[in-house]
Amino acid sequence: MNLTLFIPEITLAVTAVLVILLDLFVRQSYRSYVLRSVSLAGLIVAGVFSVAMWGDSHPALFNNMLAVDNFAIFFKLLFAGTAFLVILASADYIRKFARFQGEYYALILISTLGMMLMAAATDLISLFVSLELTSISLYVLVGFLKDRKSTESALKYLLLGAIASAVLLYGMTLIFGVTGQTQLAAIARSFHETFFSAPLDNPALIMGIVLLIAGFGFKIASVPFQMWVPDVYEGAPTTITAYLSVASKAAGFAIIMRIFFSAFSTPFWLSHQWGIIFAVLSVISITIGNIVAIPQTNIKRMLGYSSIAQAGYLMVGLATFGLAMPSNLFGESGVLFFLASYALTNLGAFIAIIVISNKIDSDMIADYAGMRKRAPLLALALTLCLISLIGMPPAAGFMAKFYIFSLAAKNGLLWLVIVAAVNSVISAYYYLRVVKVMWFGEAASPEKVPSSAAPRFALFLCCLGVLLLGIIPGLVMKLAELASNMFTF
């Protein structure tokens, strides 16, 4: 076995341990800088080694439990980039829990490691282990502020997450009981060897798939498994809210695509069943997420409900694959492109919120009034990201929705596209309300909103990415197509 293919994961594990040790010995005066620099260096090294493995044919690791394909590498880069930007954005915010800086950075690295393993998992056992590694780290990070809201949100996240894990594990058990296999490729082969012509031929199989969707539905925050989102987003440290909204959701979609596109794509009646489920969940998630976001007065809760709607838009791509089974790569790569653009957009929005809220000590939308005078560049950056979330040009969100919706329309899902498009218009109301408050509201104070160089640089990278993906999306789309090669039949 070639362990050099496992270097990105090993690097993150070693860096997490090193950060904990340095936290014990480095002087407090420059501890934050050292720990942040070491964490960023570890993520850069992991990213460089991931890039080096792109495009080559690699054997699977650990008895075919982990894949080293372009799909896994695409998500490794996405997770490493997300963690990099979140750690940069934490430069000022970290003062809220200065005594636990080592633990904070180490847990972000460990959760990133778990997400990388999730994207690479090709076996139900390795999937569940990596999922729990990620989840446990996130449970702790959510409660890091140690105040009433943070503790309550961490407890709610833990309890509901434990239930979701139990449901997911039961679904895996049923799949194993039906097929006698835990490896995804072997599960797919078992469907070719065993003839099932209709769902009722094996109700245990359908029940197992339904339970898998329910368990993963919690991870991607889709209705009706979204109960944790608004409270956790509001109570968690804003940096962790940003991390949750992007990395956790992307990890959930990565493993959903890996399992459903690989193991449950044939026979057609089977993919048709879960395609219908994803289509229904998509409509409900988009509609409820957008409607409930309208009356929100807390910007973190508003973006929480927005993330539910965004999960619904992403499920349009999943439903298209299941119901239409396109022979090209456009559908699968469209989901990957959407995840990349959403990551940059949502991180950019939250980084601007982190800087602003750190100064005004409030997450209420009304308190963002007059930001055009107090922090014009921050207001401009947040405006760009909100426009991207709506799906307006020239931002990345427009191209992301274009790719997803166009394939769905071409494959007979025009009704789903109409629902999603109408809801995109509805979402403009609550996104542009924030823009209106910032640019036309009267500032409560003329005092400027300061920030250090690190979060400003992270915000600049996000906004640059949002513009580039909106104007010249070809490069990232090509990478997404290469990462989707494994799903061609």
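The values are calculated or read from the model by the stated rules, or taken from the named source; none is laboratory data. Computed from a predicted structure; not experimentally measured. Positions of Cβ are backbone-derived with ideal geometry, glycine not excepted, and every protein chain shown enters the neighbour counts.
Observations, loosely collected:
- Top-ranked residue in the stretch 47-67 [being more than 15 Å from M115 (Cα to Cα), at pLDDT 85 or above and not aliphatic (A, V, I, L, M); ranked as surrounded by the most Cβ atoms within 10 Å (Cβ to Cβ)]: F49
- Annotation note: of V246, V229, the sole residue that is crowded, with 24+ Cβ neighbours inside 10 Å, hydrophobic (A, V, I, L, M, F, W, C) and at pLDDT 90 or above is V246.
- Condition met for V466 (within 30 Å of A263 (Cβ to Cβ) and under 22 Å from the mean Cα position of the chain (by Cα)): no
Results for (1) surrounded by fewer than 24 Cβ atoms within 10 Å (Cβ to Cβ); (2) among the hydrophobic types (A, V, I, L, M, F, W, C); (3) under 20 Å from V316 (Cβ atoms), shown as yes or no for each residue.
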residue	(1), (2), (3)
A251	no, yes, yes
R258	no, no, yes
Q273	yes, no, yes
I276	yes, yes, yes
A279	yes, yes, yes
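- Criterion (out of contact with any Ser or Thr (no Cβ under 7 Å at 6 or more places or on another chain) and either part of a loop (DSSP other than H, G, I, E, B) or at pLDDT 90 or above (or both)) met by exactly one of K478, K436: K436
- Residue in the stretch 68-77 that is farthest from the chain's Cα centre (by Cα), counting only those that are among the aliphatic types (A, V, I, L, M) and surrounded by fewer than 24 Cβ atoms within 10 Å (Cβ to Cβ): V68
- For the stretch 274-304, a tally of residues being assigned to a helix (DSSP H, G or I) and either under 10 Å from S222 (Cα atoms) or hydrophobic (A, V, I, L, M, F, W, C) (or both) returns 20.
- Which numbered condition V449 misses (of (1) crowded, with 22+ Cβ neighbours inside 10 Å; (2) outside any helix (DSSP H, G or I)): (1)
- Listed by first and then second residue, the pairs with beta-carbon distance under 7 Å, at least 6 apart or on different chains, first residue in the stretch 108-130 and outside any helix (DSSP H, G or I), second buried (at least 24 other Cβ atoms within 10 Å of the Cβ) and polar (S, T, N, Q), are A121/S130.
- Options A458, A428, A420; residue that is modelled with pLDDT of 90 or more, closer than 24 Å to I294 by Cα and crowded, with 21+ Cβ neighbours inside 10 Å: A420
- Inside the stretch 391-405, residues that are surrounded by fewer than 22 Cβ atoms within 10 Å (Cβ to Cβ) and without any contact (Cβ under 8 Å) to a residue 60 or more places away in the chain make up a count of 2.
Residues are listed down the side, and each one gets a yes or a no for (1) in contact (Cβ under 8 Å) with a residue 60 or more places away in the chain; (2) surrounded by fewer than 17 Cβ atoms within 10 Å (Cβ to Cβ); (3) within 17 Å of I209 (Cα to Cα):
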site	(1), (2), (3)
L141	yes, no, no
K146	no, yes, no
K156	yes, yes, no
Y170	no, yes, yes
T173	no, yes, yes
R189	no, yes, yes
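- For the stretch 193-213, the criterion of a residue being over 15 Å from the mean Cα position of the chain (by Cα), modelled with pLDDT under 85, of a type in the set (D, E, K, R) and within 27 Å of F62 (Cβ to Cβ) is satisfied by at least one position.
- Unique residue being surrounded by fewer than 18 Cβ atoms within 10 Å (Cβ to Cβ), of a type in the set (D, E, K, R) and under 16 Å from V19 (Cα atoms) when the list is R99, R95: R99
- Checking each residue of the stretch 167-178 against the condition of being under 25 Å from R31 (Cβ atoms) and of a type outside the set (S, T, N, Q) gives no match.
- Residues located in the stretch 51-96, provided they are in contact with a strand residue (DSSP E or B) (Cβ under 9 Å, 6 or more places away or on another chain) and closer than 17 Å to A343 by Cα: A72
- Selection of the stretch 11-33 for residues being aliphatic (A, V, I, L, M) and modelled with pLDDT of 90 or more yields L12, A13, V14, A16, V17, L18, V19, I20, L21, L22.
- Top-ranked residue in the stretch 21-56 [being outside any helix (DSSP H, G or I) and among the aliphatic types (A, V, I, L, M); ranked as farthest from the chain's Cα centre (by Cα)]: V26
- Residue match in the stretch 367-383 (condition: over 23 Å from L461 (Cα atoms), in a helix (DSSP H, G or I) and β-branched (V, I, T)): no
- Any hit, the stretch 4-18, residues being part of a helix (DSSP H, G or I), in contact with a strand residue (DSSP E or B) (Cβ under 7 Å, 6 or more places away or on another chain) and within 30 Å of L124 (Cα to Cα): yes
- Close pairs from the stretch 271-282: first free of Cβ contacts under 8 Å to residues at least 40 places away in the same chain, partner surrounded by 18 or more Cβ atoms within 10 Å (Cβ to Cβ), Cβ under 9 Å, at least 6 apart: V280/A319
- Residue pairs meeting the criteria (Cβ under 6 Å; at least 6 apart or on separate chains; first in contact (Cβ under 8 Å) with a residue 40 or more places away in the chain and within 16 Å of D92 (Cα to Cα), in the stretch 236-260; second in a helix (DSSP H, G or I) and among the basic types (K, R)): T241/K300
- Residue within the stretch 69-92 that is of a type outside the set (A, V, I, L, M, F, W, C), part of a helix (DSSP H, G or I), touching a residue at least 12 places away in the same chain (Cβ under 8 Å) and farther than 26 Å from I255 by Cβ present: yes
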